[in-house]
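One structure below.
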Amino acid sequence: MNKALVLSSGGIDSTTCVGIAINQYGKENVSTVSFYYGQKHSKELDCANRIAEYYRLPHYVLDISKILEHSNCSLLSHSTEEVADGTYSDQLHDSQSNIVSTYVPFRNGLILSSAAALALSIYPEDTVHIYIGAHADDAAGSAYADCSKEFTDTMAKAVSLGTYNKVIVEAPLVEMNKAHVVCTGLMLSVPYYHTWSCYKGGDNACGKCATCIDRINAFKANKTKDPINYEGEIEW
């Protein structure tokens, strides 16, 4: 039997993947998994849990924070760096290393490997499809090297080889931009009001960090108001 395990960050992309997986396999065959990697706030984990509750899915949380405790990525609680405002392209233009400060070292590689082990453990008799919400805008300009189609294709091959072809990596959004992702989720009635994208953990999304800017523009492109709250007024 086919099962699906969706990597759920509580954001737009992964929640769209939840909707896609449920549409493909039925919610009785779908589970979600989130990762604690030492992030500064719990918003994304809270939202991922809320989404699992909304769909009534089994939900798992794995801790990979020890692996990343030596990184100074600005998303991590021990980092000395602040999360930068502005678009990814602006940040890359200003960066001496050509890497944005919010890149968590090889995070998607870590979580795909961990998810493959979890998939074999919870569904030992089934073929498991792991869904990852990497999309084209995150890979653009190599803002996040582990979001590219080349990366997900290569990891898919490695995961398949290492699991006797029992675990299949699916990246259904990898050639979509953010607007297309939102369009897909809207068609599937994905509960975007339960999601969180902002890199900062306030009561409302900041509207200024790169992921907020991408999210706002994606909803505008779909001529739809984002159902979450932002600091300040957004012209929809």
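The values are calculated or read from the model by the stated rules, or taken from the named source; none is laboratory data. Quick caveat: nothing in here was measured; it's all calculated off a predicted structure. A quick note on method: Cβ atoms are made from the backbone with ideal geometry, for glycine too, and the neighbour counts reach across all protein chains shown. In case anyone asks, the SASA skips ligands and DNA or RNA and just uses the protein heavy atoms, side chains included. Shrake-Rupley method; radii C 1.70, N 1.55, O 1.52, S 1.80 Å.
The length gained on full extension between I99 and E81, counted as 0.36 nm times the residue separation minus their Cα-Cα distance, comes to 5.1 nm. For the range 115-227, what % of the accessible area comes from carbon and sulfur atoms, probe 1.4 Å? Looking at the range 115-227 in its full context, I get 53 percent from C and S.
Centroid-to-centroid, using Cα positions, the range 172-236 and the range 53-82 are 21 Å apart. For I168, the residues whose modelled amide H falls within less than 5 Å of its own, excluding neighbours fewer than 5 places apart on the same chain, are V128, H129, I130.
When you filter the chymotrypsin sites (Phe, Trp or Tyr not before Pro) in the range 131-171 for DSSP loop state and at most 13 other Cβ atoms inside 10 Å of their Cβ, you are left with Y164.
With r as the distance between the Cβ atoms of S113 and Y54 and R0 = 30 Å, compute the FRET efficiency 1/(1 + (r/R0)^6) and round to 0.05.
Values: r = 28 Å, r/R0 = 0.92.
The value I calculate is 0.60.
Would you mind telling me the share, in percent, of accessible area of the range 1-97 contributed by carbon and sulfur at probe 1.4 angstrom? So the carbon and sulfur contribution to the accessible surface is 45 percent. Less than 5 angstrom separates the built amide H of S34 from those of S8, Y60, V61, L62, all sequence-distant by 5 or more or on a different chain. Here the Karplus relation 6.51 cos²θ - 1.76 cosθ + 1.60, evaluated at θ = phi - 60°, turns the backbone of the range 206-223 into coupling constants of 6, x, 10, 6, 4, 6, 5, 4, 5, 5, 4, 5, 5, 5, 4, 4, 8, 6 Hz, with x for every Gly and Pro.
How much length is gained on full extension from D203 to K66, taking 0.36 nm per residue of separation minus their Cα-Cα distance?
Numbers: separation 137, 0.36 × 137 = 49.32 nm, distance 2.77 nm.
So the extension gain works out to 46.6 nm.
For a paramagnetic label modelled on K225 (point 7 Å from Cα along Cα→Cβ), amide N atoms under 16 Å away belong, within the range 193-208, to 193-194, 205.
Take the chain with all the other protein chains still there, run a 1.4 Å probe, and you get 47 Å² of accessible area per residue.
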